[in-house]
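Structure, as structure tokens:
No value in this document is a laboratory result; all are computed from the given coordinates. None of these values were measured; they are calculated from a predicted model. Neighbour counts run over all protein chains shown; Cβ positions are idealised from the backbone, glycine included.
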Amino acid sequence: MAGLVERYGTWALVAGASEGMGAAFAEELAAAGMSVVLVARRADKLEAFAEALAARHPVQVRTLALDLGHPDVLTHLADGLGDLDVGLMVYNACASFIGEFLDLTIAQKQATIDVNVRGATLLTTFFGERMVARGRGAMILLSSLSCFQGSAMVGIYAATKAFDLILGEVLWEELGPKGVDVLVCVAGATLTPNFMDQTPERKRATAMPMVPEDVARGALAALGRKGPTWIPGFVNRMVQGVLQRCVPRRTAVRFISGNTRKMYDPGRDR
């Protein structure tokens with residue numbers, strides 16, 4: 001990660017930064033010498049993390065309490081940033097609800113789309129325009145291994161992460177020649193608070209979750225050097241390679257759906 005400041009500038013922004021993967025990215029960026037804007041909904045958690053981060057690293061840390069699914073997100077973002085020159089943006093914000101498609105409420109589905117699709121589109125537009133104008137910059141979008149095929153129990157989430165994958169790949173192609181590095185980090189199970197809350201304790205180990213710090217560190221190291229997509233973890237890359245290249249798509253869908261049901265369906269709680 002050496003040279004992030006030289007390549008992109010002194011300021012980074014992490015959307016979805018109060019805990020888990022977002023906090024890990026903020027920690028790595030601060031350790032690399034970048035000042036950080038932390039964006040998340042919960043102001044209390046955001047402020048507590050910002051204070052701890054600033055105590056550990058000799059950089060500036062700002063906070064912006066913002067719901068990334070809000071209709072006026074860009075107005076609030078622009079007002080909060082002012083003329084701050086952000087050179088690296090990580091979109092880690094995510095909404096995720098587990099359940100069969102018809103069991104999820106319309107509000108849950110809409111919230112997932114608002115944060116994972118609409119929010120990602122708006123922020124990549126906002127920062128993409130500014131980075132192209134300044135002639136350099138970088139954006140990392142967090143996707144999920146669920147993006148590669150449909151899966152029962154996480155249908156809306158998987159579909160939104162497929163959107164993020166394609167969006168990031170397009171931006172990698174279009175903005176790269178204009179000086180903006182783009183990477184889609186396609187993460188598997190990771191030991192975040194959300195994973196811990198949603199996954200039964202006795203089943204967590206079967207998902208072989210990674211540590212958030214390893215994912216963040218690897219993604220920042222891959223930025224500008226690999227892409228458009230990067231999958232953290234050798235096992236994740238191997239399994240996904242087999243599913244994409246060696247089995248029919250219907251088999252991949254049923255295999256992943258079966259594993260997801262074993263993990264989350266109370267009717268298969270064994």
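Summary of computed values
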item	result
Binned Cα-Cα distances of the chain, short to long, each 5 Å bin given as a whole percent	1, 6, 13, 17, 20, 17, 12, 7, 4, 1, 0, 0
0 to 90° range, to nearest 10: angle between helix 43-56 axis and the chain longest Cα axis	60 degrees
Mean projection area, nm², convex hull over Cα of segment 35-125	6.9 nm²
Under 24 Å from LYS161, Cα to Cα: lysines that are on another chain or at least 8 residues apart	LYS109, LYS203, LYS226, LYS262
Helix-only mean residue ellipticity at 222 nm for the chain, each DSSP H run of n ≥ 4 adding -39500 (n - 2.57), per residue, nearest 500	-14500 deg cm²/dmol
Sequence-distant residues sharing a close amide H with GLU19 (under 5 Å, placed H)	none
Magnitude of the charge dipole, segment 95-184, Cβ model with Lys/Arg +1 and Asp/Glu -1, debye to 20	300 debye
In order through segment 98-104: 3J(HN,Hα) via Karplus (6.51 cos²θ - 1.76 cosθ + 1.60), integer Hz, x for Gly, Pro	9, x, 4, 3, 6, 7, 7
